[in-house]
Every structure is written in C-alpha cells, then in structure tokens.
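Comments concern the structure below.
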Amino acid sequence: MSEHILASAIGKVQDALASKPPRTQGAGTARGAPPPLGAGLTEGDIVALLEAGPGEQRTLFALADEVRRGFMGDAVHLRGIIEFSSYCVRNCLYCGLRRDNRRLVRYRMSIDEILAVAARATAAGYRTIVLQSGDDLHYRAEDIARMVEGIKQAADVAVTLSVGERSRQEYAIMRRAGADRFLLKHETADPGLYSRLHPGMTLEDRLECLAHLRGLGFQVGSGNIVGLPGQTARTLAKDIMLLRSLDVEMAGIGPFIPHPDTPLASHPPGDLSMSLRTLAVARLVLPLAHLPATTALATLHPDGRRMGLECGANVVMPNVTPLEFRRLYEIYPGSIALAAPDDGGLAQIHALLSGLGRQVSHTCGHSPKPAWAAGHSAASVGRRGLPPETARGGGRGGHEGGCKWQIG
Ligand code: 5AD
C-alpha cells in the first residue's frame, strides 16, 4: 500500500516537472495540468516519501537536486552567522543553551564588537549577516536595531535576525531598522511534543510570532529538528506541511544532536538518512525556499554538508563568531563550526562547491519569490506573476542586482 503511495508521489513530482518546466512555474496553472510542484503532494504522499527505502531514496534525492537546480540554480548563498549572546531565558529540553544548564559559561558581545565582526565578514565577501542569540532579553529591540543599522550602513548586505520570541512592537522596531529576514524555527509541528520540549511555551505562541513577522514584511524562515523523542514520519510530514502553509522564504532542517548537560542527553541523535529525506521532501514541497545544508547535518556526518547540498540545499551558514565565543555557544557538542577558521571556512567551502560544479553566489540571496525578486524596490514588491529571477536568469541562482530591498 505505502509502496503504491510512494510510487504515486514520485510520479506526481515527475509529472509536475515534466509538464511545468521551472521557467514558467508560478505564472499560473493551465486547466488540466497537474498542480504546481509543492502543492500537489498530500500528507500521505509526504509520509511515504519520508519512509522511502534505499532505492526510492535515490530517486527522491535526484528529484530534489533537479528541483533545486531548476528553481534556485547552482549558486550557493553563504550566510555568515554571528552568535552574539549565549544567554537564554528558555529551557528547551534539547538545547545546551537552556537556562538550567549551569555548566555553560555565558557571554554577551557588545554592539561595537558585533559590528567589528560583521565588518570582517563583509570584507571577506559575505552578503548576508545572521545575528543569532539565545532568547536574551538583555538586548532591547532598540539595541538590535542599532546592530542592524550599523551593519547595513557599512556594507551592501542583507541582515537576518534569529533572536527568538519577542512582541510585535519589538519586531517592528527591528524591521524598521532595516532587518530583511527573520529565522524562528517552529522546531516541531506537534503541539503536544512542542509543549513537552519547551517548558512554558506553546506552538500557538510560536506561530503568532511567525504571523507578526510575516505581517511586518520580513522574509520569514522557520524549520524543524529531525529525531526528537516521540517524533514519527507523520510528525515530520506535518512539519513540512506547516512550512508550506507558512509559505516560508527559508527553512532550516537539521538532525537532533544530544547535549550531555540537557534532559535529552541519552536520546540518540537524529538519523542521517531521515534528515536528508526530510530536506529532500522539503525541497519538493518548497521549490522556491532557501534551504541550508545545516551545521547540525555537517556535525552529524563528516560529509553531511555535501550530502545536504545534493539533496536540495542551496545555502550554507558558516560561523564567523570569534573563536573565543564560538566554543561557548554550545547548542550541541562537537559542532564542525569549532574546527573552522575565523572566516567560517571559506576556502573549504569554495573547494567543496567547485567539486560539486557549483559556485558561491555574489548576491545577497533574497527570496526568489515574485514578491521579493525584482530588485527589491518598493515598486517591485507585489508584481505577482513574474517568473522568479533565478528562472529568468537561466538558473544562475540569486539576483545579480543590488540589495536595497526595503519595506514596501
Ligand atoms: N540538536 C540539534 N539542533 C538543535 N538546536 C538546538 N539544540 C539542538 C540540538 N541539541 C537547533 C534548534 C534551534 C537552533 C538554533 O538550533 O532548531 O532553533
């Protein structure tokens, strides 16, 4: 039965690709044509794909790679992450930064330190800076706004924030300062599991934050962990369905890695193949989303980054935090980021990409969705129906124009 569903799910993707080449995707569906890629897969299809055996898995990965290439191109976007504070008010059961982990030595970087690190990263060529921290309320929204303004005044780059749950007003201050994107992973779409893993928090609140971010005009990123206790293929299918209904511009999907100083210390790590299948299915369902080959994937397996890039990923997020702080930002142990030089390991990434016949993008790598694509000017936002920039550019990936995308 599930073999039949799997064959039909693969057939749906193949039909969508054959009848609707990437160039015309998004420009409306002709009557009688199969539904556009992404929309046609049911929850049952997704479960079957996630449970694919080794043979079909190869087909799944090849399809995801084809979809990535057709919709996002061969260019890989690098996002330089600055982990500026390891303080956190949350107590997530899986995370080494959790409030109750008293073994962790905590740090905060000053705004000047953050700007100096960002300047080094942009000088090294990064076109997106990600400011990430625990949920640290020490920094007011105005402080984060100053970081964003400082970075954007100094260089033509995009800024992504990943600073956790805040009020709509606080998000608005960050957005007005020029922040382009916001990452807030939903972690798991199962409300019961969410509450068990995040004491005092609810999935509903998380989704409300995501709705605020959407309403404020951020490019929105979410995502989930693979291999949490109590998770099944059905739960993961719900994660992907949620990402689709949120219509995310980015999704981070990576395996769970146990941290010894957390309640999940003895829970096994996420499965590599399941992590890759989840990424691959996400690519089929979200053809225009930026999907990173996550650091967690690269930490789980020495070839994880390459594998991710061959299963649908088009983004790498190197860590540019000064090493003295980086080693203290211990979400999970043994991160590959610890072995990378100050610049996040650009030489190694260039070598990896050239081995794959891919290149580093020189653009800010905004979302290629029609609403964000055409030069990011206020006038261009809302010109729906335009084919994505990447498709018009013959699959080069990313936008070769400026990065002056502002609030529309
Ligand atoms: N294993 C894998 N990913 C983790 N995260 C936090 N703890 C872990 C862990 N033990 C992820 C969460 C969070 C991001 C910053 O790191 O998805 O959103």
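Run G53 past the list (1) touching a Pro at 6+ places or on another chain (Cβ under 7 Å); (2) without any contact (Cβ under 8 Å) to a residue 12 or more places away in the chain and report the number of the one that doesn't hold.
Failing condition for G53: (1).
Does region 318-329 include one or more residues that are more than 15 Å from the ligand (Cβ to nearest atom), without any contact (Cβ under 8 Å) to a residue 12 or more places away in the chain and more than 22 Å from L276 (Cβ to Cβ)?
So far as region 318-329 goes, yes, one or more of its residues are more than 15 Å from the ligand (Cβ to nearest atom), without any contact (Cβ under 8 Å) to a residue 12 or more places away in the chain and more than 22 Å from L276 (Cβ to Cβ).
I'd like to know if region 105-126 contains one or more residues that are under 30 Å from G230 (Cα atoms) and in contact with a strand residue (DSSP E or B) (Cβ under 6 Å, 6 or more places away or on another chain).
No: zero hits.
Going through region 117-146 one residue at a time, which ones are farther than 18 Å from R326 by Cβ and touching a helix residue (DSSP H, G or I) at 6+ places or on another chain (Cβ under 9 Å)?
Within region 117-146, T122, G125, Y139, R140, A141, E142, D143, I144, A145, R146 qualify.
Could you list all residues from region 118-140 that are more than 16 Å from the ligand (Cβ to nearest atom), surrounded by 18 or more Cβ atoms within 10 Å (Cβ to Cβ) and not in a strand (DSSP E or B)?
Residues satisfying the conditions are A118, A121, T122, Y126, R127, Y139.
Please determine whether any residue of region 188-205 is within 15 Å of the ligand (Cβ to nearest atom) and among the aromatic types (F, W, Y).
Checked against the condition, which is being within 15 Å of the ligand (Cβ to nearest atom) and among the aromatic types (F, W, Y), region 188-205 yields at least one hit.
Out of V47, V76, I need the residue that is surrounded by fewer than 24 Cβ atoms within 10 Å (Cβ to Cβ) and not in a loop (DSSP other than H, G, I, E, B). Which one?
The conditions single out V47.
Scanning for something out of contact with any Gly (no Cβ under 7 Å at 6 or more places or on another chain), within 13 Å of the ligand (Cβ to nearest atom) and either under 30 Å from E3 (Cβ atoms) or not in a strand (DSSP E or B) (or both), does region 97-112 turn up at least one residue?
yes
Quick one: which strands (runs of 3 or more DSSP E) lie wholly within region 153-250 and hold at least 2 residues that are touching a residue at least 60 places away in the same chain (Cβ under 8 Å) and touching an Asp or Glu at 6+ places or on another chain (Cβ under 6 Å)?
Per the criteria, 219-226.
Take region 218-232 and flag every residue that is at positive phi and buried (at least 18 other Cβ atoms within 10 Å of the Cβ).
Matches in region 218-232: G223, G227.
For region 141-154, name all the residues that are among the hydrophobic types (A, V, I, L, M, F, W, C) and crowded, with 17+ Cβ neighbours inside 10 Å.
A141, I144, A145, M147, V148, I151
Please count how many residues of region 292-310 are more than 13 Å from the ligand (Cβ to nearest atom) and under 24 Å from L97 (Cβ atoms).
4
Out of the residues in region 79-96 that are in a loop (DSSP other than H, G, I, E, B) and closer than 21 Å to A340 by Cα, which is nearest to the ligand (Cβ to nearest atom)?
Among them, the one singled out is G96.
For every residue, the table says whether it meets (1) within 18 Å of G80 (Cα to Cα); (2) away from the ligand (no atom under 16 Å from the Cβ).
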{"site": "I144", "(1), (2)": "yes, yes"}
{"site": "E149", "(1), (2)": "yes, yes"}
{"site": "Q153", "(1), (2)": "yes, yes"}
{"site": "T160", "(1), (2)": "yes, no"}
{"site": "Q169", "(1), (2)": "no, yes"}
{"site": "F182", "(1), (2)": "yes, no"}
{"site": "A211", "(1), (2)": "no, yes"}
{"site": "G223", "(1), (2)": "no, no"}
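I'd like the full set of residues that are among the acidic types (D, E) and within 30 Å of A9 (Cβ to Cβ), limited to region 64-90.
Scanning region 64-90 gives D65, E66, D74.
All but one of (1) touching a helix residue (DSSP H, G or I) at 6+ places or on another chain (Cβ under 9 Å); (2) modelled with pLDDT of 95 or more hold for P263, so report the exception by its number.
Failed condition: (1).
Test of understanding: among V285, V281, which residue is more than 10 Å from the ligand (Cβ to nearest atom) and either in contact with a Gly (Cβ under 6 Å, 6 or more places away or on another chain) or over 30 Å from P370 (Cα atoms) (or both)?
Criteria check complete, one pass: V285.
In region 233-272, which residues are closer than 26 Å to P54 by Cβ, within 14 Å of the ligand (Cβ to nearest atom), charged (D, E, K, R) and surrounded by fewer than 18 Cβ atoms within 10 Å (Cβ to Cβ)?
The answer is D271, and nothing else.
Taking the condition of being over 20 Å from R181 (Cα atoms) and among the polar types (S, T, N, Q), how many residues in region 277-303 meet it?
Final tally of qualifying residues: 2.
If I filter region 117-129 for residues that are at pLDDT 95 or above, more than 24 Å from A75 (Cα to Cα) and not aromatic (F, W, Y), do I get at least one hit?
yes
The values are calculated or read from the model by the stated rules, or taken from the named source; none is laboratory data. Since the model is a prediction, treat every value here as computed from it, not as a measurement. When we count neighbours, we look across all protein chains shown, and the Cβ atoms used for this are built from the backbone with ideal geometry, even at glycine.
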